[in-house]
Amino acid sequence: MKQIWNKVVRSQYCDRLRKRSWIFGLILVSQLILALYYLGYTYSLGDMGVAEALGLSLYSLVHVGAWAVGLWLIAGVPSSRIGSKVILGLTAIISIFVFLVEVVLLMEYKTLYNVDLALLLISTSSREAGESFSIIRLSSFMWAGLGTAVSVLLSVFINKLISRSRTMKGVLGTALAALIIGGLAFIPVVSAHINERVIPSLYTTSFDRAVLSTGYGYWLSLKVEKRYAAMKNLESLNDLKVEDEPFKEPIDIVFILGESVSRNYMHCYNYPVANTPTLDSLERDSSLVLFRDVIAPATTTNYSCQRTLTYYTHNEGKGDWYEYPNLLATVKKAGWATAWVTNQETTGIYSVSRIFSPFADVVRERHSATDTNEHGLNNLRGSYDEGLLPLLQSYAGLPDSLRKQSPRGLFEVIHLMGSHFDYAKRFPDEFARFKASDLPRRLGKDKDRVVANYLNSIYYTDYVIKQIVQRYAQKPTLIFYMSDHGEILYDNPEDPDFYGHSPYAITSSAVSIPFMVYMSPSLKQKYPQLLTLFKEAQNRRISSDLLTHTLTSFLGIKTRFNTPELNFLGAQYNESRPRMVTATEGGTFEFKDK
């Protein structure tokens, strides 16, 4: 055995390893930078003690070392010049690329690549991805470049140290020991993904995360795809019945689903810029009731809608969200015609439209392939929300056959682009009303422009809501408006230079959303008790993951999923229920009232 070992140490393979040890140094240094920075950030949040932090530091060193050694040993195999250049070049490019991506993620979102981000990529269109990329700060790229430079310089230093060593015996022995120990540390990571559990990023390297998180995310999306048929089966709604329905004749119910609107930046919720004139006027006339303490169950569209548009809830849910009936399927089975009208792109098997629109009797999509190509990638000027107006439905305009099988009326979901960044592309030029001089708090030229554009996007949404209200004002109609989640606008104390919606920052602006209900004149006159019902509930503590529970109960629908304590319009509503928000890597945290 000793002779074999001595032969290996003196072989040309070891000579190649000696010359190529810079690749070991590049991987080791770059991955340790990521691991230690993220560990330091997590420690600063008070989520771990000193002993745990030191233990994780040691684990990271061993695990990262194993990856660096393993890839280094592979890089030493090719003996030809071409083979060595190919393997070294690919390894270096991949290592630097994943490092750059994760440094930017750390700077922007204080996270590393994980399953949540993999699912977001799967469900995100190229346009939305382009807009997300366009708001990344230059400083994040500069930090990524600096980290790469440090990694390269230290890898050159490590290469010189190993090259000058008299024998490879000690170096190779240490490397193999690190590979074995680090390999054992890799077992729980793989096991967790096989058993459908997500290991926190602290226990993985970029290579683990790139392969396992992407693979697991894609597997989850395929799992949901397979569940579509089961979701349509609706066996879980076999016990559905309708009792004490609130309306004596068919009506139109319109649910407007907004995008990225924080009520903290709406005048109707006391923001000191008059960007909601329509909503202000409707509230003064008692045609509109504002709910003043509603938060979203997540800070991203997919996670939020998976809860708001199904019976699944954070606190009470068992199993996966797609195992629960959704809102459209439930009201449809109860005798309502259903419609889905969207201005959001429908690409991605995990997108909101892809998941829920199949349950609608009528589907109208503003973003066809023609729309996207016409206006160009990341420049969809012209695809404004008012383009949905000609697509709106009404019960009276439905085919006779559909009305016959849907005697209770029409339930229509209208999904807006709302205030999704890039904010300046969400409104026509004539709605660019507010400037930096109108802001109550000045943040600097560039930041002021971003905030002003956000306020203008809400101003335009107010106009779109006005147009929708006018189309239904002469009919007995109930219109709900709610945003999927809020938005951060330089108001996160931990990262005051960030704006956008982050899966990881749970701030007031990120989750505080508008929720309101409008009653047409004829409906309000015929059912005056509705105004009383809504006003009695408007100041309650609410999480929008109870939307499906509440709207179905309001319509008199009874199923085994409906619980009086989860109906925020009902007398038995549990207002002390903790309000949970989905955040980092699928974890949930309670939103604390201030």
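Where a number appears in this text, it was derived from the coordinates with a stated rule and is not lab data. Note that the structure is predicted; figures quoted are calculated from it, not measured. FYI the Cβ positions are ideal-geometry reconstructions off the backbone, even for glycines, and counts take in every protein chain you see.
Expressed in nm to one decimal, what extension gain is obtained for the pair GLU386 and LYS19 from 0.36 nm per residue of sequence separation less their Cα-Cα distance?
125.8 nm
In terms of modelled amide H atoms, which long-range or inter-chain residues lie less than 5 Å from the amide H of TRP340?
VAL362, VAL363, ARG364, VAL413
Could you work out, for the stretch 395-440, what percent of all Cα-Cα pairs fall into each 10 Å distance bin, beginning at 0 Å and stopping at the bin that holds the largest distance?
Going from the shortest bin to the longest, the percentages are 19, 28, 15, 20, 14, 3.
Using the Karplus equation 6.51 cos²θ - 1.76 cosθ + 1.60 (θ = phi - 60°), what ³J(HN,Hα) coupling, rounded to whole Hz, does each residue of the stretch 60-76 give in order, writing x for Gly and Pro?
With the stated coefficients, the stretch 60-76 comes to 4, 4, 5, 5, 5, x, 5, 4, 4, 5, x, 5, 5, 4, 5, 5, x Hz.
Taking neighbour Cβ counts within 10 Å as the exposure measure, how do LYS248, LYS333 sort from fewest upward? Walk me through the intermediate numbers first.
Numbers: LYS248 9, LYS333 18.
Fewest-to-most Cβ neighbours within 10 Å comes out as LYS248, LYS333.
Please list 3J(HN,Hα) in residue order for the stretch 445-459, calculated via the Karplus relation 6.51 cos²θ - 1.76 cosθ + 1.60 where θ = phi - 60°; whole Hz, with x for glycine and proline.
Values per residue, Gly and Pro as x: 3, 5, 5, 4, 5, 5, 5, 4, 5, 5, 4, 5, 5, 5, 4 Hz.
Under the rule of at least 5 residues apart or a separate chain, name every residue whose amide H is placed under 5 Å from the amide H of HIS485.
Residues meeting the criterion, in which the H sits 1.01 Å from N, are SER260, VAL261.
Using a Förster radius of 22 Å, what is the FRET efficiency between LEU176 and ILE93 based on their Cβ-Cβ separation? Nearest 0.05, please. It would help to have the intermediate numbers written out before the result.
Working: r = 26 Å, r/R0 = 1.20.
It comes to 0.25.
So if R0 is 60 Å, what FRET efficiency would ARG449 and SER394 give, r being the distance between their Cβ atoms, rounded to the nearest 0.05?
0.90
So, by mean Cβ neighbours within 10 angstrom, what's the order for 571-579, 410-418, 287-295, 94-102 with the highest one leading?
Numbers: 571-579: 14.3, 410-418: 26.4, 287-295: 21.0, 94-102: 19.0.
Taking the mean over residues of other Cβ atoms within 10 Å, the ranking is 410-418, 287-295, 94-102, 571-579.
Taking the stretch 251-590 on its own, what percent of its Cα-Cα pair distances exceed 28 Å?
Numbers: 22374 of 57630 pairs.
In whole percent, the long-distance tail amounts to 39.
Taking amide H atoms as placed 1.01 Å from N in the peptide plane, list the residues 5 or more away in sequence, or in a different chain, whose amide H sits under 5 Å from that of ASN275.
Excluding prolines and chain starts, which carry no amide H, the hits are HIS267.
Over all directions, average the projected area of the Cα convex hull of the stretch 265-363 and note it in nm². All intermediate terms of the calculation are to be shown ahead of the outcome.
Values: hull surface 35.1 nm².
Its Cα hull, projected and averaged over all orientations, spans 8.8 nm².
Out of all DSSP beta bridges in the stretch 251-590, what portion is antiparallel? Express it as a percent rounded to 5.
Working: 16 of 44 bridges.
Roughly 35 percent of the beta bridges in the stretch 251-590 run antiparallel, per DSSP.
So how far apart, in nm, are the two label points at LYS318 and ASN539 if each is 7 Å from Cα heading toward Cβ?
Result: 3.8 nm between the two label points.
Just rank GLU249, GLU316, fewest to most, by other beta-carbon atoms within 10 angstrom. Please report the intermediate quantities before stating the final value.
Numbers: GLU249 10, GLU316 15.
Result, fewest neighbours first: GLU249, GLU316.
For ILE468, ILE181, which order do you get if you count the other beta carbons within 10 Å of each Cβ and list the fewest first? Mind showing how you got there, number by number?
Numbers: ILE468 23, ILE181 13.
Going from sparsest to densest Cβ surroundings: ILE181, ILE468.
At a Förster distance of 41 Å, what's the computed FRET efficiency of ALA53 paired with LEU402, Cβ-Cβ distance as r, to 0.05? Present the calculation step by step, with values, prior to reporting the outcome.
Numbers: r = 61 Å, r/R0 = 1.49.
My answer for the efficiency is 0.10.
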